[in-house]
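Contents: one structure, followed by commentary.
Just so you know, all these numbers are worked out from the coordinates, no wet-lab data involved. Because the structure is a prediction, the values reported are computed rather than measured. Please note: Cβ atoms are built from the backbone with ideal geometry, for glycine as well, and neighbour counts cover all protein chains shown.
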Amino acid sequence: MKAVILYDSRKQGGSTEALIDAVGLKLAESGVYVEKAKCKALADYSFIRDFDLVILGAPVYYFIVSSQLLGALNYGNLKANLKRKKVALFLTCGSPESMANVLYLPQLKIHLVSNKILVEKIFPPDVLSERDVIDSFVDDVLHEYNRITKPRVLSAKWTEESQEWLQTIPSFLQGKFRTMAEEYADNMGYSEITLEMLELARDEMGGT
Ligand SMILES: Cc1cc2nc3c(=O)[nH]c(=O)nc-3n(C[C@H](O)[C@H](O)[C@H](O)COP(=O)(O)O)c2cc1C
């Protein structure tokens with residue numbers, strides 16, 4: 001697997017750079033080929049097509065995520081090149097996590113609606129050099145990456161009732177419904193696909 005850490009910081013050798021070096025080291029120790037690149041708003045980001053995983057991270061200054069990363073998403077070609085990439089996000093900032101989740105992370109996530117975001121993490125200043133916190137972030141990212149990329153063996157069994165229900169919907173939709181229900185059961189840990197589970201899946205997916 002190939003990963004790139006795209007980061008930004010105003011401060012050379014600051015806390016964000018130290019953090020991404022530690023993240024990069026842990027990824028490399030875990031067998032991942034890893035590169036890092038500091039964002040410039042109008043740089044050409046077509047190189048990220050070669051990577052399986054993109055980790056985006058930056059500090060927050062005066063309530064705004066650092067400007068070169070936001071600029072690359074807003075005005076450059078980063079967003080176009082990130083399409084359908086698996087992404088992990090982190091921010092370094094002094095605010096409490098609850099505030100950062102509401103005020104700062106959405107500044108990045110609004111640009112990433114077509115992406116699978118594996119992990120989001122806020123690093124407050126007091127944990128920036130804590131190896132176990134950094135290792136656990138990387139472990140979470142790799143765990144999620146492996147979970148969603150491993151070939152799936154869908155194992156949940158359909159009950160007789162739910163099989164009968166499936167036959168009541170138009171035949172050209174049955175295959176799609178079957179796959180969606182089996183993936184839902186797999187993700188949620190159901191061993192049986194019952195009518196109740198189908199109702200829950202429908203409610204959560206916003207169906208009618
Ligand atoms: C000028 C300045 C403004 C900051 N503004 C904020 C802010 O609005 N919200 C916040 O949560 N943290 C803020 N911080 C804290 C930084 O996000 C945090 O210290 C970060 O780790 C700095 O990363 P750096 O060392 O790579 O610059 C600010 C820090 C500085 C120096």
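Partners of Lys86 within straight-line reach, counting aspartates and glutamates whose Cα lies under 18 Å from its Cα and excluding those fewer than 8 residues away in the same chain: Glu35, Asp50, Asp52, Glu120, Asp139, Asp140, Glu144. Considering only beta bridges that DSSP places wholly inside the chain, some 5 percent are antiparallel. Computed over Cα pairs, the Kirkwood radius of region 2-149 leads via Stokes-Einstein (1.002 mPa s, 20 °C) to a diffusion coefficient of 142 µm² per second. Applying a DSSP loop filter and a limit of 16 other Cβ atoms within 10 Å to the GluC sites (Glu not before Pro) in region 65-150 leaves Glu130. Lys and Arg at +1, Asp and Glu at -1: add these up for the other residues within a Cβ distance under 9 Å of Ala88 and post the number. Charge balance near Ala88 sits at -1.
Sorted largest first, the spans of the alpha carbon positions of region 157-205 along the three principal axes are 27, 21, 16 Å.
Using alpha carbons only, the radius of gyration of region 83-208 set against its Kirkwood radius gives Rg/Rh = 1.10. Each other residue within a Cβ distance under 13 Å of Met205 adds +1 if Lys or Arg and -1 if Asp or Glu, for a net charge of -2.
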